[in-house]
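Structure, as structure tokens:
The values are calculated or read from the model by the stated rules, or taken from the named source; none is laboratory data. Bear in mind the structure is a predicted one, so any value in this text is a computation, not a measurement. All Cβ positions, glycine included, derive from the backbone under ideal geometry; neighbour counts span all protein chains shown. Protein only, heavy atoms only, side chains kept; ligands, DNA and RNA dropped before computing areas. Shrake-Rupley method; radii C 1.70, N 1.55, O 1.52, S 1.80 Å.
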Amino acid sequence: MTKAQVTYADAGVNIDAGNALVERIKPLAKATARAGLMGGIGGFGALFDLKATGYKDPILVSGTDGVGTKIKLAQHLKKHDTIGTDLVAMCVNDLVVQGAEPLFFLDYFATSALDVDVAESVVKGIADGCKKSGCALVGGETAEMPGIYQPGEYDLAGFAVGAVERDQILPAQVKAGDVILGLASDGLHSTGFSLVRFLIEKHKIDIKAKAPFASDKILSDVLMVPTRLYVKSCLAAIRSGGVHALAHITGGGLTENTPRVLPDNVSAEINLSSWEMSPLFKWIQQTGNIALPEMLRTFNCGIGMIVVVAPDKADSVKAKLISEGETVTTIGKLVAKQSER
């Protein structure tokens, strides 16, 4: 008797599919090339020549993030072409908050069984986000883990590295009197989706139908708008002078992210009437009967990035951001904290 031979594929892991994916994404990664990039995808590690970028006294800044449960909607809708852009944005927007220019990016894609077409679509979104942020897609990892993920499921994580000159690290020189500018978001971005999904299930909302707040739009299209990339506009604003701090408004919203970049002796006064929440956020608030404080700590509520600037530079920084394509509103100022008695 001869025993039947068993392969790795019999256990649910297809090495050939993985190799096919690598070949498909090589040109996507190549299109993100920038100064400092050495080699290409396929090695055991990615090489990057920091000296070639022109920095004189650089500090490296790194960050990692995911896209939360927005990924569940992408899988339900079979819409995989923008979730990769969300992944990049969640990482690189955090780097620019430190004043850093994103240099390179890596992704981790884990799934039950590799669907090459789906994975390629995800990586296309990643490459697009990298190109728009000026950083190179230098590699990543694709893992098939049957038994860990259900069929059709996948998860994503992103890793970004940037650089900033030592004397230009943010936040810096933040003080009372500084002006707070708010940069408009493009929607939910990648935050608060667990609550949104809860409301959709609770109220049996058809996300493929017209949006309750906009008859000319499909709800799923509004929900899946990718996270806005603020890198190039914010770097331009920083280089124009006067920017003291930035805060990326993700989980924790305005109320918890803003204090992260402020010294202990100041606090932010934000005028909530200075901008109007979009119909999307109003609908979420009404549907869930959500109190305003809960909205402000769960969602970006229309402000995806705040920029803290010197008062004498507020107008020029605002003009620079607008010229870079941002919608900018003056939403508040920094004030000295009252001393405890």
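Quick notes on this one:
- Fraction of beta bridges assigned by DSSP in the chain that are antiparallel (%, nearest 5): 85 percent
- Taking region 267-341 and dividing mean pair separation by its residue count, relative contact order in percent (alpha carbons under 8 Å, at least six apart): 56 percent
- Scaling the Cα radius of gyration of the chain by the globular reference 2.2 N^0.38 Å produces a ratio of 1.08.
- Cα long-axis angle, helix 279-288 against the chain (0 to 90 degrees, to the nearest 10): 80 degrees
- Accessible area in square angstrom per residue, the chain, 1.4 angstrom probe: 50 Å²
- In region 89-187, the DSSP beta bridges split such that about 55 percent are antiparallel, to the nearest 5.
- Counting only alpha carbon atoms, the long axis of helix 314-323 and the longest principal axis of the chain meet at about 30°.
- Based on alpha-carbon atoms, the Kirkwood radius and the radius of gyration of region 216-266 give Rg/Rh equal to 1.12.
- Both radii are taken from the alpha-carbon atoms of region 207-341; with Rh as the Kirkwood radius, Rg/Rh is 1.01.
- Pairs exceeding a 24 Å alpha-carbon distance, out of K70/K124; K51/K131; K70/K202; K72/K210; K30/K78: K30/K78.
- Cα shape, region 274-341, gyration tensor, a/c 1.5 rule: oblate
- In terms of packing, defined here as the mean over residues of other Cβ atoms within 10 angstrom, the peptides 63-69, 271-277, 202-208 line up highest first as 63-69, 271-277, 202-208.
- Helix 231-240 and the longest principal axis of the C-alpha atoms of the chain enclose an angle of approximately 30°.
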